[in-house]
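Here the structure comes first, spelled out in structure tokens, and everything after it is commentary.
The values are calculated or read from the model by the stated rules, or taken from the named source; none is laboratory data. From a predicted model like this one, the values you see are computed outputs, not experimental measurements. Reconstructed Cβ throughout: ideal geometry from the backbone, glycine too, with neighbour counts over all protein chains shown. Only protein heavy atoms, including side chains, enter the accessible area calculation; ligands, DNA and RNA are left aside. Shrake-Rupley method; radii C 1.70, N 1.55, O 1.52, S 1.80 Å.
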Amino acid sequence: KTHLPTPEEALKGRPERDFTVPDRHTVLGNPLLGPYPAGLEIADFGLGCFWGAERKFWQTDGVWTTLVGYQGGHTPHPTYEEVCSGHTGHTEAVRVVYDPAVVPYTALLKLFWESHDPTQGFRQGNDVGTQYRSAIYTHSPAQQQAAESSRDAYRAVLHTSGYGDITTEILPADATRPFYPAEDYHQQYLDKNPAGYCTIGGTGVKLGDPPEGGWGSCPTGIAPTPTTED
């Protein structure tokens, strides 16, 4: 579970999904699958078990819909059991469809970094395996640059706070890293099961708002501030 398979080692998968995905978000009421309304953008994040991670994002103003799935691996249209076996190479991911006029991508990055520990490699807390690794899959060069700049800024403040290096992979969400929606029962899991399992927390180290021009222009805009996690 702590070894990423090569394409040759990965399970073969299947040509199409063998389960259905719900039409609409149980909280936001909007469609889960595209096409999405004009003006909205997509962001993909992996930060541990996707049940709690998805709730973090659907609670954010400006987010139009969210759905969970599998990304960054080799097996086409995997199942949850296959992903958990460690033989697909995917991580559990949350797709966030958002209105950038209401919530900028930088705000989603801040939420991402503060909601988990990005220094743990193939684990998140007690959840161990490649499917729990930290990841950002970007949909434009601007997203890629913002993600890398925020990583560099957060790395500096984490080091100051005694944490190791960030292990988050930041890669384009291109044809080699498609997002495969997860099964029905995973979508908005913590809305359907309010007392369900959730390990999303964080390091307690805060990432300050980006200065004008972005984080890359002024790393001193970051400050370590302890916080109480929910």
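Can you pull out the residues in the range 118-127 that are open to solvent by 50 Å² or more (accessible area, probe 1.4 Å) and not polar (S, T, N, Q)? Give the derivation first.
Step one: list which residues in the range 118-127 are open to solvent by 50 Å² or more (accessible area, probe 1.4 Å), which gives 120, 122-123, 126.
Once the filter is applied, which keeps residues that are open to solvent by 50 Å² or more (accessible area, probe 1.4 Å) and not polar (S, T, N, Q), the range 118-127 yields 122, 123.
Only one entry of 132, 105, 189 meets the criterion of being of a type in the set (Phe, Trp, Tyr), more than 24 Å from residue 41 (Cα to Cα), out of contact with any Leu (no Cβ under 7 Å at 6 or more places or on another chain) and touching a residue at least 24 places away in the same chain (Cβ under 8 Å), and that entry is 132. Name the one entry in 79, 66, 106 that is touching a Phe, Trp or Tyr at 6+ places or on another chain (Cβ under 6 Å) and modelled with pLDDT of 95 or more. The conditions single out 66. Scoring residue 75 on the criteria (1) more than 25 Å from residue 26 (Cβ to Cβ); (2) surrounded by fewer than 19 Cβ atoms within 10 Å (Cβ to Cβ) leaves a single failure, condition (2).
For residue 197, the criteria (1) at pLDDT 95 or above; (2) within 23 Å of residue 25 (Cα to Cα); (3) among the hydroxyl-bearing types (Ser, Thr, Tyr) hold in every case but one, which is (1). Of the residues making up the range 128-146, those that are surrounded by fewer than 22 Cβ atoms within 10 Å (Cβ to Cβ), among the aliphatic types (A, V, I, L, M) and within 30 Å of residue 1 (Cβ to Cβ) number 1. Among the conditions (1) within 20 Å of residue 75 (Cα to Cα); (2) without any contact (Cβ under 8 Å) to a residue 60 or more places away in the chain; (3) open to solvent by less than 30 Å² (accessible area, probe 1.4 Å), the only one that residue 175 does not satisfy is (3). Which one of the conditions (1) touching a strand residue (DSSP E or B) at 6+ places or on another chain (Cβ under 6 Å); (2) open to solvent by 40 Å² or more (accessible area, probe 1.4 Å); (3) not aromatic (Phe, Trp, Tyr) does residue 110 fail to meet, given that it meets all the rest? So the condition that residue 110 fails would be (1). Of all the listed residues (149, 115), the sole one being of a type in the set (Gly, Ala, Ser), under 30 Å from residue 34 (Cβ atoms) and either at pLDDT below 95 or open to solvent by 20 Å² or more (accessible area, probe 1.4 Å) (or both) is 149. Within the range 175-197, the set of residues being under 16 Å from the mean Cα position of the chain (by Cα) and charged (D, E, K, R) comprises 177 only.
It is to be established whether one or more residues within the range 176-189 are at pLDDT 95 or above and assigned to a strand (DSSP E or B). Yes, because at least one residue in the range 176-189 is at pLDDT 95 or above and assigned to a strand (DSSP E or B). The residue that is modelled with the lowest pLDDT, counting only those in the range 209-220 that are open to solvent by less than 60 Å² (accessible area, probe 1.4 Å) and more than 14 Å from residue 155 (Cβ to Cβ), is 218.
Residues in the range 31-78 that are touching a helix residue (DSSP H, G or I) at 6+ places or on another chain (Cβ under 7 Å), small (Gly, Ala, Ser) and part of a helix (DSSP H, G or I): 52 only.
When the range 108-163 is limited to residues that are of a type in the set (S, T, N, Q) and part of a helix (DSSP H, G or I), the one that is nearest to residue 65 (Cα to Cα) turns out to be 143. In the condition set (1) of a type outside the set (A, V, I, L, M, F, W, C); (2) touching a helix residue (DSSP H, G or I) at 6+ places or on another chain (Cβ under 7 Å); (3) open to solvent by 20 Å² or more (accessible area, probe 1.4 Å); (4) under 25 Å from residue 74 (Cα atoms), residue 165 is compliant with all but (4).
Pairing residues of the range 22-37 that are basic (Lys, Arg) with residues that are buried (at least 16 other Cβ atoms within 10 Å of the Cβ), at Cβ distances under 8 Å and at least 6 apart in sequence or on separate chains, gives 24/30; 24/31; 24/32.
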